[in-house]
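The values are calculated or read from the model by the stated rules, or taken from the named source; none is laboratory data. Please read all numbers here as calculations on a predicted model, not as lab measurements. We place every Cβ from the backbone using ideal geometry, glycine too, and count neighbours over all the protein chains shown. The accessibility values were calculated without ligands, DNA or RNA, using every heavy atom of the protein model including side chains. Shrake-Rupley method; radii C 1.70, N 1.55, O 1.52, S 1.80 Å.
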Amino acid sequence: MADVAMPRLSDSMEEGTILKWLKSDGDEVKRGEELVEIETDKANMTYEADSDGTLTIVAKEGDTLPVGETIARLGDGSEDSGGGEAEEPADEAPEEEPSAEDEPEETEAPAEDEDEAGASGNGKREEAPEPAPAQAEAPSGNGGGDRIKASPVAKRMAREMGVELGELKGSGPGGRIVKADVEAAAKGGAATAEAEAPPKEEAPPKEEEAAAPAAEQEEAPKQDVPAPVISGDKQAGRGETTEQDLTRLQKTVARRMAESKATAPDFVLTVEVDMEEAVALRKQLKAAAGDQPAPSFNDFVIKASALALRDFPRANGAYRDGKFELYSRVNVGMAVAGQDALVVPTVFDADSKSLGHIARESRALAERVRAGAITPPELSSGTFTVSNLGMFGIKRFVAVINPPQAAILAVGALEPRPVVRDRKVEVRSMMELTLSCDHRILYGADAAEFLAKIREYLENPLRLAL
């Protein structure tokens, strides 16, 4: 019987949620048939069966599992559908044959990968008798003395948060401990620690001296400050509170933006661009396009950025694990507001595409984002990002770098402004560009030259149309 694992449907996907099974338990499934709808960190995707067989569903709708975890099995119909339970006795073997070698390995299971936790050890452990009390306590939280079953994400979080996996009861398939269990334990543990902490002992004279001020402090709110009105467990000062769960996409945006600000030492550069020639060229292109969409000024920026990226390879790269990654393809992402979050579809090979091609492709991508029809491949492999808030009248802003990219370009509003040309004041169409850079790969002078190159292309827009 072949396992069907949670697939990796995007380059940043770590786990997925089963939204809907498109086949029922026991159905005969053919290769290529749609099997299940999965919510990823970027979009909802339908996953197809990669082989024929009889379906045995392991993960229920609503379950969240890490990539690689078994969600179903496909067999020939003659195998026992409860194959998933057969794995349990194998994990119980150390309990049936307790020894000085096995006990330490069981105690250390939460801090290791599953493969390592199941190892029999090298027989050199001297302190086997000491972990015995902890060994006896572990079954109370995680199922009758079995080896602790937890997802890789849950194990990592438990190590970081100091949570003992052996004390938890898993809510995942087969009692597996998942991320939500660790988070709940971490929050509950903090509250329990405060409740169980013994009161500090103080010398009797100090207690007597503190008694009078404490009594005064208790009486003060009764006399001068009205006690807060409590509605449920929320204070009424803010009114009724409604909590909303984040979608997987919103969680991904929150995680990646926090990761960016925490890890990338960024700096910003801003320039003004004279768009007078670009405005004139767009009028000509719009007249010549007829029923076809004319390139927008954002399309001009995408094309100008793509051409400049060819001249500055490190701006088209990333800093990762102490090395520079330089990419041969120039794939420009465009930030789009959709699905109640920020989505960045990719214009692949933007440096080699015409301005008209970029215009048609960018519109199609934006429409699919807003319709919720965008696919993970269209959201991946970007090497640079353009974010435009100019249509909202924003003159300038600082965008957050989309990791692991080296930089992101923020585009402000295009508007007429008085400027000095040849010692005379003229009204010209001006626009501000702000470049946020990861200082680990882009340095000040390089970034300044790169931004100046983008400005050069925009102020000489005929070069974009070649």
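A few comments on the model shown:
- Among residues of the range 54-69 that are under 11 Å from Trp21 (Cβ atoms), those with a Cβ under 7 angstrom from a residue that is open to solvent by 40 Å² or more (accessible area, probe 1.4 Å) and part of a loop (DSSP other than H, G, I, E, B), sequence gap 6+ or separate chain, pair up as Leu55/Lys23; Leu55/Asp25; Leu55/Gly26; Leu55/Asp27; Ile57/Asp25.
- Elements of the type strands (runs of 3 or more DSSP E) sitting completely within the range 311-423 and holding at least 3 residues that are over 30 Å from Asp245 (Cα atoms) and open to solvent by 70 Å² or more (accessible area, probe 1.4 Å): these cover 323-326, 415-421.
- Exclusive hit being among the acidic types (Asp, Glu) and either out of contact with any helix residue (DSSP H, G or I) (no Cβ under 9 Å at 6 or more places or on another chain) or closer than 20 Å to Ala410 by Cβ (or both), set Asp311, Asp274: Asp274
- Inclusion of Val427 among residues that are part of a strand (DSSP E or B), modelled with pLDDT of 95 or more and farther than 13 Å from Val301 by Cα is warranted.
- Among residues of the range 160-175 that are closer than 15 Å to Gly188 by Cα, none has a Cβ under 9 angstrom from a residue that is β-branched (Val, Ile, Thr) and surrounded by fewer than 15 Cβ atoms within 10 Å (Cβ to Cβ) at a sequence gap of 6+ or on a separate chain.
- Residue in the range 14-34 that is aromatic (Phe, Trp, Tyr) and farther than 26 Å from Pro345 by Cβ present: yes
- Considered as a group, the residues in the range 51-79 that are surrounded by 13 or more Cβ atoms within 10 Å (Cβ to Cβ) and among the charged types (D, E, K, R) include one that is nearest to Gln250 (Cα to Cα), and that residue is Asp63.
Residues checked against (1) surrounded by 18 or more Cβ atoms within 10 Å (Cβ to Cβ); (2) assigned to a helix (DSSP H, G or I); (3) modelled with pLDDT of 95 or more:
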position	(1), (2), (3)
Thr241	no, no, no
Asp245	no, no, no
Val271	no, no, yes
Lys283	no, yes, no
Asp291	no, no, no
Lys303	yes, yes, yes
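- Checking each residue in the range 365-386 for being within 24 Å of Ile454 (Cβ to Cβ) and of a type in the set (A, V, I, L, M, F, W, C) picks out Leu365, Ala366, Leu379, Phe384, Val386.
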